[in-house]
Amino acid sequence: MTTYSLDVEASIAELRAQVAELHNELVRNNLVVWTGGNVSGRVPGADLFVIKPSGVVYDELSPENMILCDLDGDVIPGTPGSERSPSSDTAAHAYVYRNMPWVGGVVHTHSTYATAWAARGEEIPCVITAMADEFGGPIPIGPFAIIGDDSIGRGIVDTLSGHRSRAVLMQNHGPFTIGVSARDAVKAAVMVEDVARTVHLAREAGSLIPIPQEAIDRLYDRYQNVYGQGEDERR
Ligand SMILES: O=C(CO)[C@@H](O)[C@@H](O)COP(=O)(O)O
């Protein structure tokens, strides 16, 4: 059985509990149905991450059945949960962790309104201040990519590298979000569905009014650097 330093082992144990619990947030926020979606978190100070097992219903997820992987997406043998297959999106999460060192968490859902924008291949325009705050502008579309290799991960990284948004709508598939932690990525998944719904309904009722870029910049700067508490993890 692979073992790590006491600090890394403690970080792994804490992350297993966090990632297992954060899957419940996807259910609580109505972002997933059945076994769809997944959350992962990077182990601080190690080239490792924790992700859910593939196709397991949310009620059965626990810290013990989260799966520890290296940054190539390979399961660490002999560790709790390693007897099962990891999420089918493990390669995508691993690609993000290898290529975006600041990312501490990755989330994928098929949340309804965000996925409807993805089905149209249409980015969500920045027409509400909540988008400027949280995403710093429009929420971009990523390329159509079929699961099975690095193509989804590459699409996420190519789209979000250097982009303010922590969410990308992978065409014909659905949202992937990133964050400084798994919790931060889950927040982005909740917020992308919220703004996708609002902007969809707004456009159904009439024409949208874009927010001027200067105002978007000011709103984003305030929200990222002033809003909330000084100890917030994104500071
Ligand atoms: O969208 C996909 C794959 O990209 C789904 O299969 C995914 O939501 C859930 O798969 P897993 O249960 O994580 O293997």
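The values are calculated or read from the model by the stated rules, or taken from the named source; none is laboratory data. Every value quoted in this text rests on a predicted model; they were computed, and no experiment measured them. Methodologically, a virtual Cβ is constructed for each residue, glycine included, from the backbone with ideal geometry; neighbour enumeration extends over all protein chains shown. To get the accessible areas, we keep the full protein, side chains included, count just its heavy atoms, and leave off ligands, DNA and RNA. Shrake-Rupley method; radii C 1.70, N 1.55, O 1.52, S 1.80 Å.
Quick look at the numbers
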{"quantity": "Filter pass, residue 122 being open to solvent by 30 Å² or more (accessible area, probe 1.4 Å), over 14 Å from the mean Cα position of the chain (by Cα), more than 16 Å from the ligand (Cβ to nearest atom) and over 12 Å from residue 176 (Cβ atoms)", "calculated": "yes"}
{"quantity": "Qualifying residue in region 163-185 (condition: in contact with a Leu (Cβ under 9 Å, 6 or more places away or on another chain), acidic (Asp, Glu) and modelled with pLDDT of 95 or more)", "calculated": "no"}
{"quantity": "Long-range neighbours under 6 Å by Cβ, at least six apart or interchain, first residue under 10 Å from residue 96 (Cα atoms) within region 150-168, second of a type in the set (S, T, N, Q) and at pLDDT 95 or above", "calculated": "157/99"}
{"quantity": "Filter pass, residue 145 being open to solvent by less than 40 Å² (accessible area, probe 1.4 Å), touching a helix residue (DSSP H, G or I) at 6+ places or on another chain (Cβ under 6 Å) and either within 30 Å of residue 214 (Cα to Cα) or within 13 Å of the ligand (Cβ to nearest atom) (or both)", "calculated": "yes"}
{"quantity": "The lone exception for residue 42 - which of (1) under 16 Å from the mean Cα position of the chain (by Cα); (2) within 15 Å of the ligand (Cβ to nearest atom); (3) closer than 18 Å to residue 21 by Cα it fails", "calculated": "(2)"}
{"quantity": "Filtered residue count, region 90-111, keeping only those that are hydroxyl-bearing (Ser, Thr, Tyr), within 19 Å of residue 22 (Cα to Cα) and open to solvent by 10 Å² or more (accessible area, probe 1.4 Å)", "calculated": "0"}
{"quantity": "Residue match in region 4-20 (condition: in a loop (DSSP other than H, G, I, E, B), open to solvent by 50 Å² or more (accessible area, probe 1.4 Å) and more than 16 Å from the ligand (Cβ to nearest atom))", "calculated": "yes"}
